[in-house]
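The values are calculated or read from the model by the stated rules, or taken from the named source; none is laboratory data. Since the structure is predicted, the reported quantities are computational estimates derived from the model, not experimental observations. Quick reminder, even Gly has a Cβ in these numbers, built from the backbone with ideal geometry, and neighbours come from all protein chains shown.
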Amino acid sequence: MSTIDGLPPLREVIASHGLSARKSLGQNFLLDLNLTAKIARAAGDLTGADVLEIGPGPGGLTRGLLAEGARRVLAVEKDSRCLPALEAIAAACPGRLEVLNADALAIDPLDHLTPPIKIVANLPYNVGTELLIRWLTPKTWPPVWDSLTLMFQREVADRIVARPGSKAYGRLALLAQWRCDARIVMHLPPSAFTPPPKVSSAVVHITALPAPRFPADPVILERVVAKAFNQRRKMLRAALKGLAPDIEDRLIAAGIAPTDRAETVDLERFCALARGFES
Ligand code: SAM
């Protein structure tokens, strides 16, 4: 019986299965198994956890997750050309790797996994932000997952961890930081990938808090924040004019000057403003 360590190098796997990278699928592969092991370790202790991996490709990170002791891994890959390489990994770890040939946007991981669940992925750039927003906005909180360890373009990673007053600060930062701790744990240059993308990347580690930092209705908060940042250069009394005729009074009640711009307002005051709209 083969073991993970006995599997062929990833360059060989790519060559033997004809896995030429497709831009339309955001395919930039990680072939250095030391690096994929490091990313798997950034997810914390995997023993006793089920892991959802989106876009395993030839399986470099998948191997890392299994080698780090994940109880089970569900690997969801849209490109059927990757399946034989992934099945070889599954054969080396009986009962621990389930490969699903599907679009990650169309599956419910709970049909396959049991909590505690960690999500770990080198995400395809084209659907990365959409998946993150879904994971950050489940119907109920805490979510089904304990942590997200995700590779993004550097610019997206910066937007997730941004603080008020910075150019990167906006909807994504507020959404992530309202109910989670989020930090960048690794930076990677384009040369870490095959083929190299045009931009640098970063791994963000996000852990779910048991409850939001400040109370607010998620739907109202999301609406207020989206509107505030839709016209981020405008003063808030103008950007939020459509929300209520007495918006200036509501801003003042939340501790916000009507002449402030969205990018200077912190999470606590956005939550206070959203609470003002709850009946
Ligand atoms: N995890 C591999 C690695 O690190 O080498 C591959 C990462 S590559 C950036 C993104 C992977 O996501 C590709 O294998 C691609 O085929 C897959 N993918 C793209 N869109 C997808 C989708 N909607 N659902 C599932 N997988 C997708």
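Assorted remarks:
- Subset of the stretch 56-66 that is among the small types (Gly, Ala, Ser) and outside any helix (DSSP H, G or I) - its residue that is farthest from the ligand (Cβ to nearest atom): 59
- Top-ranked residue of the stretch 24-54 - restricted to ones that are within 13 Å of the ligand (Cβ to nearest atom) and in contact with an Asp or Glu (Cβ under 6 Å, 6 or more places away or on another chain), ranked as farthest from residue 110 (Cα to Cα): 25
- Options 53, 87; residue that is among the charged types (D, E, K, R), outside any loop (DSSP other than H, G, I, E, B), more than 26 Å from residue 188 (Cα to Cα) and assigned by TED's automatic domain parsing to the domain that holds residue 123: 87
- Residue that is nearest to the ligand (Cβ to nearest atom), among those in the stretch 67-92 that are surrounded by fewer than 19 Cβ atoms within 10 Å (Cβ to Cβ) and small (Gly, Ala, Ser): 80
- Residues satisfying the stated conditions in the stretch 245-276, i.e. assigned to a loop (DSSP other than H, G, I, E, B) and within 15 Å of residue 226 (Cα to Cα): 265, 266
- Test: residue in the stretch 119-134 that is away from the ligand (no atom under 15 Å from the Cβ) and in the same structural domain as residue 49 (by TED's automatic domain parsing): no
- Filtered by the rule that a residue be touching a Gly at 6+ places or on another chain (Cβ under 8 Å) and among the small types (Gly, Ala, Ser), the stretch 69-87 gives 75, 85.
- Index of the failed condition, residue 55 passing every other in (1) more than 18 Å from residue 193 (Cβ to Cβ); (2) buried (at least 19 other Cβ atoms within 10 Å of the Cβ); (3) touching a Lys or Arg at 6+ places or on another chain (Cβ under 8 Å): (1)
- The helices (runs of 4 or more DSSP H) falling completely within the stretch 102-216 that include 1 or more residues that are out of contact with any strand residue (DSSP E or B) (no Cβ under 8 Å at 6 or more places or on another chain) and loosely packed, with under 15 Cβ neighbours inside 10 Å map to 125-136, 154-161.
- Residue match in the stretch 2-23 (condition: free of Cβ contacts under 8 Å to residues at least 40 places away in the same chain and within 9 Å of the ligand (Cβ to nearest atom)): no
- Test: residue in the stretch 94-111 that is in contact (Cβ under 8 Å) with a residue 60 or more places away in the chain and either within 11 Å of the ligand (Cβ to nearest atom) or among the aliphatic types (A, V, I, L, M) (or both): no
- Matching residues in the stretch 217-234 - criterion: being farther than 15 Å from residue 142 by Cα and surrounded by fewer than 16 Cβ atoms within 10 Å (Cβ to Cβ): 219, 223, 226, 230, 231, 232, 233, 234
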